[in-house]
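Trainee: Have a look at the structure that comes next, please.
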Amino acid sequence: MNLLAIETATESCSVAVLAGERLVARSELAPRRHAELVLPMCEAVLAEAGLSRRALDALAVGCGPGAFTGVRLAVSAAQGIALALAIPVVPVSSLAALAMQAPDDDAAILAVIDARMGELYAGAFRRGADGLVEPIGEESVGTAEQLALPPAPAWNVVGSGWASYGDALTARLPAPPRWVDGARYPQAVDVARLAAPLARAGRGIAPERLQPVY
């Protein structure tokens, strides 16, 4: 399985290629430069992996939620490449990709992205037996004070929403977080990891069906 992944929903612009079992990635914290960087980064990871575009079996994309421009860019880039190559696309939640960066333990994971204007995007996840995260509730957008979480005795929290609304989020948890990092952003390497089993199972979609999530 050769798969190219794109994630530009936040300040971080990242791409990755999964070539068999090998992952090659590029990531840069570059607000407002995603459009300039994303395609050259795609070419760079393909070259490092020794793959041509024609060798790709599928595309994967972080389809949001996140910044309007960044989400649209990732979706448009993935659609354009996949249409040109006639290959499927696997959409992945940017919150799920973010949650992959939390410790691999038995705590539930709260992934939060600052949505600006006093709101955040939030998703609750748990780690499956395969090491990948799976949702344990619906993703949401709203204020930290309005956040409703499924019951769990312990939580790890990851993402820029913590840096902006940590005190309000702490009040929504049953206890202080076991682990927290407010300086993490979704990464294409995790989009690739989450998408790979779906792509192998033939669960990609036609590029024209890909929809952004804001």
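The values are calculated or read from the model by the stated rules, or taken from the named source; none is laboratory data. Only a predicted model underlies this, so the values are computations on that prediction, with no experimental measurement involved. Cβ coordinates were reconstructed from backbone atoms using ideal geometry, including for glycine residues, and neighbour counts include every protein chain displayed. Please note that ligands, DNA and RNA were not included when accessible areas were found on the heavy atoms of the full protein model with its side chains. Shrake-Rupley method; radii C 1.70, N 1.55, O 1.52, S 1.80 Å.
Trainee: Taking C63, is it within 20 Å of R203 (Cα to Cα) and touching a residue at least 24 places away in the same chain (Cβ under 8 Å)? Step through it out loud before you land on a result.
Mentor: Details: within 20 Å of R203 (Cα to Cα): yes; touching a residue at least 24 places away in the same chain (Cβ under 8 Å): yes.
It is true that C63 is within 20 Å of R203 (Cα to Cα) and touching a residue at least 24 places away in the same chain (Cβ under 8 Å).
Trainee: Residues G159, G131: which one is at positive phi and in contact with a Phe, Trp or Tyr (Cβ under 8 Å, 6 or more places away or on another chain)?
Mentor: Numbers: G131 fails: in contact with a Phe, Trp or Tyr (Cβ under 8 Å, 6 or more places away or on another chain).
Just one listed residue meets the conditions, G159.
Trainee: N156 fails exactly one of the following numbered conditions: (1) in contact with a Ser or Thr (Cβ under 6 Å, 6 or more places away or on another chain); (2) over 30 Å from P207 (Cβ atoms). What is the number of that condition?
Mentor: Tallying (1) in contact with a Ser or Thr (Cβ under 6 Å, 6 or more places away or on another chain); (2) over 30 Å from P207 (Cβ atoms), N156 fails exactly one: (1).
Trainee: Restricting to segment 42-88, name every residue that is in a loop (DSSP other than H, G, I, E, B), of a type in the set (G, A, S) and surrounded by 23 or more Cβ atoms within 10 Å (Cβ to Cβ).
Mentor: G64, G66
Trainee: Which of the residues spanning segment 89-120 are open to solvent by 20 Å² or more (accessible area, probe 1.4 Å) and either within 11 Å of the chain's Cα centre (by Cα) or on the phi < 0 side of the Ramachandran plot (or both)?
Mentor: We begin by selecting, within segment 89-120, every residue open to solvent by 20 Å² or more (accessible area, probe 1.4 Å); these are 91, 93, 100-101, 103-106, 114-119.
Listed by number, the residues that qualify are P91, S93, M100, Q101, P103, D104, D105, D106, D114, A115, E119.
Trainee: Residues in segment 1-13 that are in a strand (DSSP E or B) and either open to solvent by 10 Å² or more (accessible area, probe 1.4 Å) or farther than 20 Å from I87 by Cβ (or both): how many?
Mentor: If we filter segment 1-13 for residues that are in a strand (DSSP E or B), which is where we start, we get 2-7, 12-13.
Adding the requirement that they be either open to solvent by 10 Å² or more (accessible area, probe 1.4 Å) or farther than 20 Å from I87 by Cβ (or both) leaves 2, 12-13.
Residues in segment 1-13 being in a strand (DSSP E or B) and either open to solvent by 10 Å² or more (accessible area, probe 1.4 Å) or farther than 20 Å from I87 by Cβ (or both): 3 in total.
Trainee: If you go through segment 121-154 one residue at a time, how many are among the polar types (S, T, N, Q) and either in a loop (DSSP other than H, G, I, E, B) or more than 16 Å from the chain's Cα centre (by Cα) (or both)? Spell out how you get there, then give the answer.
Mentor: Initially, segment 121-154 is screened for residues among the polar types (S, T, N, Q), giving 140, 143, 146.
This time we only want the ones that are either in a loop (DSSP other than H, G, I, E, B) or more than 16 Å from the chain's Cα centre (by Cα) (or both), so: 143, 146.
Total satisfying the criteria: 2.
Trainee: Say we look at segment 169-191 and pick out the residues that are without any contact (Cβ under 8 Å) to a residue 60 or more places away in the chain and surrounded by fewer than 16 Cβ atoms within 10 Å (Cβ to Cβ); which of these is farthest from G131 (Cα to Cα)?
Mentor: Here the answer is A171.
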